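Structure, as structure tokens:
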Amino acid sequence: MELEFSQDQDDLRDAIRAVLVKESPITLARDVFENGARPDALWATVVALGWPALTVPEDLGGIGLGMLETAILAEELGRVIAPGALLPTVSQFVPLVRECGNDAQRAQWLGAVARGECSGTVAIAEEGGGFDPAGATTRIQLDGGQARIDGVKRFVIEGDAVDEVAVVGRHGDEIAVAIVPTGDAVANPVHALDGSRRLVHLTFDGVTVDAERVLRTDGEAVRRALEEATVAMALEMVGAAQTIFDTTLEYAKQRQQFGVPIGSFQAIKHKFADMLVALERARALGYYAALTIAENDDRRHAAASVAKAAAGDCQRLLAKEGIQIHGGIGYTWEHDMHLYVKRMKSGEALFGTSAWHRARIADALGV
């Protein structure tokens, strides 16, 4: 495996960062959190730049890049805790359609994403919050030219704001995926910890769609797509953790006690050393997982779980130390620290917690 970024990938990161710093300032996330604003201007900008098409194949009108580029995008989105549909579209909807759809279905929905005409998300979790497709109980029943969907999906990112929802369910004993227009489901917004990220529960009570909207597939294909979503979520958490680290480090250089910066105290230096180790560990494991997916390495299943577990460990430490080093101001609503902490905490619960992924690894090892 080549573990160094290419010049093109470095340039892509720089370009994404430059745009997001301008178009997705922390005031946008705060406006979404406090006032329920919608980041429509940000979506229009990223569509104009072609970012939703990042990993759509070139023959469908996309840019044709891969998982590493998705990982770079996810980390940069996390740095600014960008709201909106870009992350679920690129890292959830596109991989699921690509892995599970036939040629006509991929052309229909991935082509629309590439043209900026479609945003999407994935509905996988059900009661209990599990993200394993084997546990899906939502029914997708085919009857002639129609398919009926019955079930409840929980914690769907942007589930009432995107154009299409890829619903993972069961057709008989098989795993199937139905692409459902967002307005066909009953959406119940979740009063979530992270108000800058829109989460909803979706109820499908006899919802019918054309049979052409059902991607007949298997659990392995769905798991492969969800691994991309999992790693992207892990790296978004890393991006938010990096901003917490940078902000806290700058504060420690400025804040003085006993006539000297608090960053000069040995105890504070130890905290930063621990934070940096956790951050770099999570980043390295995240990009390692992205590489295994990009190269379809047999280790991709375990690597995705390790990456998410490491990101969870990172967020716990960075959230605690970031707030504590800031002291009293770190607990205030007016300071931005809580926005980054809440984004990381939200990410920890989505696509499997650290404990869930550790249990998954243990099962694979027969422990």
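Within the chain, what is the number of lysine pairs with alpha carbons under 19 Å apart, leaving out pairs fewer than eight places apart on the same chain?
Final tally of qualifying lysine pairs is 10.
Fully extended, how many nm does the chain gain between D14 and D103 (0.36 nm per residue separation, minus their Cα-Cα distance)? It would help to have the intermediate numbers written out before the result.
Values: separation 89, 0.36 × 89 = 32.04 nm, distance 3.40 nm.
Stretched fully, the D14-D103 segment lengthens by 28.6 nm.
Within the accessible area of the stretch 71-127, what % is carbon and sulfur when the probe is 1.4 Å and the other protein chains stay in place? Spell out each step's value before the answer.
Working: 550 of 1340 Å².
Of the solvent-accessible surface of the stretch 71-127, carbon and sulfur hold 41 percent.
What is the distance in Å between the Cα centres of the stretch 158-185 and the stretch 242-312?
Using only Cα atoms to place each centre, the spacing works out to 35 Å.
Per-residue ellipticity at 222 nm for the chain, helices alone: DSSP H runs ≥ 4 residues times -39500 (n - 2.57), over residue total, nearest 500 deg cm²/dmol? Could the numbers behind the result be given before it?
Numbers: 11 runs with 186 residues, N = 367.
Estimated from H runs of four or more residues: -17000 deg cm²/dmol.
Could you tell me whether the stretch 148-243 comes out rounded, prolate or oblate from its Cα gyration tensor? Rule is a ≥ b ≥ c as square roots of the eigenvalues, rounded for a/c under 1.5, then prolate if a/b exceeds b/c, otherwise oblate.
Verdict is oblate for the stretch 148-243.
Would you kindly state how much longer the chain becomes between A192 and Q7 on full extension, computed as 0.36 nm times their sequence separation minus their alpha carbon distance, in nm to one decimal? Mind dumping the intermediate values first?
Details: separation 185, 0.36 × 185 = 66.60 nm, distance 3.89 nm.
My answer for the length gained is 62.7 nm.
Taking R0 as 30 Å, what's the FRET efficiency between E220 and I63 from their Cβ-Cβ distance, rounded to 0.05?
Numbers: r = 27 Å, r/R0 = 0.89.
Rounded to the nearest 0.05, the efficiency is 0.65.
Rounded to the nearest 0.05, what FRET efficiency is calculated for E250 and T353 with R0 set to 45 Å and r the Cβ-Cβ distance? Can you show the working numbers first?
Values: r = 31 Å, r/R0 = 0.68.
So the FRET efficiency works out to roughly 0.90.
Tell me, what is the per residue accessible area of the chain in Å², probe radius 1.4 Å?
Heavy-atom accessible area per residue stands at 42 Å².
Taking a temperature of 4 °C and a viscosity of 1.567 mPa s, what whole-number D in µm²/s does Stokes-Einstein yield for the chain with Rh from Kirkwood over alpha carbon pairs?
After rounding, the answer is 62 µm²/s.
Relative contact order for the chain using alpha-carbon pairs under 8 Å, separation at least 6, rounded to a whole percent? Numbers along the way, then the final one.
Numbers: 700 pairs, mean separation 60.7, N = 367.
So the answer I get is 17 percent.
Between A41 and L365, what is 0.36 nm times their sequence separation minus the Cα-Cα distance? Round to one decimal in nm. Intermediate results must be reported in sequence, preceding the final value.
Numbers: separation 324, 0.36 × 324 = 116.64 nm, distance 4.68 nm.
Between A41 and L365, full extension yields an extra 112.0 nm.
Hey, with R₀ at 30 Å, roughly what FRET efficiency would F258 and R281 work out to, going by the Cβ-Cβ distance, to 0.05? Please list the in-between numbers first.
Values: r = 33 Å, r/R0 = 1.11.
FRET efficiency, F258 to R281: 0.35.
Report the residue, chosen from A107, A355, A309, that carries the largest GNM mean-square fluctuation when the chain is represented by alpha-carbon nodes joined by springs under 10 Å.
Comparing A107, A355, A309 in the GNM, the peak value goes to A355.
Pull out a ≥ b ≥ c, the square roots of the eigenvalues of the alpha-carbon gyration tensor of the stretch 80-194, then state rounded if a/c is under 1.5, prolate if not and a/b is larger than b/c, and oblate in the remaining case.
Numbers: a/c = 1.69, a/b = 1.09, b/c = 1.54.
Oblate, since a/c reaches 1.5 and b/c is not below a/b.
On a 1.4 Å probe surface of the protein chains, which of Y340, Y288 comes out largest in accessible area, and what is the full order?
The most accessible residue leads, giving Y288, Y340.
Apply the a/c threshold of 1.5 to the C-alpha gyration tensor of the stretch 215-360 and tell me whether it is rounded, prolate or oblate. Display every interim value, and only then the final one.
Numbers: a/c = 3.32, a/b = 2.35, b/c = 1.42.
Taking the square roots of the gyration eigenvalues as a ≥ b ≥ c, the stretch 215-360 is prolate.
At a 1.4 Å probe radius, carbon and sulfur cover how many percent of the accessible area of the stretch 301-365? Write out the running numbers ahead of the final one.
Numbers: 1610 of 2530 Å².
Answer for the stretch 301-365 is 64 percent, counting heavy atoms of protein chains only.
The values are calculated or read from the model by the stated rules, or taken from the named source; none is laboratory data. Only a predicted model underlies this, so the values are computations on that prediction, with no experimental measurement involved. A quick note on method: Cβ atoms are made from the backbone with ideal geometry, for glycine too, and the neighbour counts reach across all protein chains shown. When the accessible area is computed, the model is the full protein with side chains, heavy atoms only, and any ligands, DNA or RNA have been set aside. Shrake-Rupley method; radii C 1.70, N 1.55, O 1.52, S 1.80 Å.
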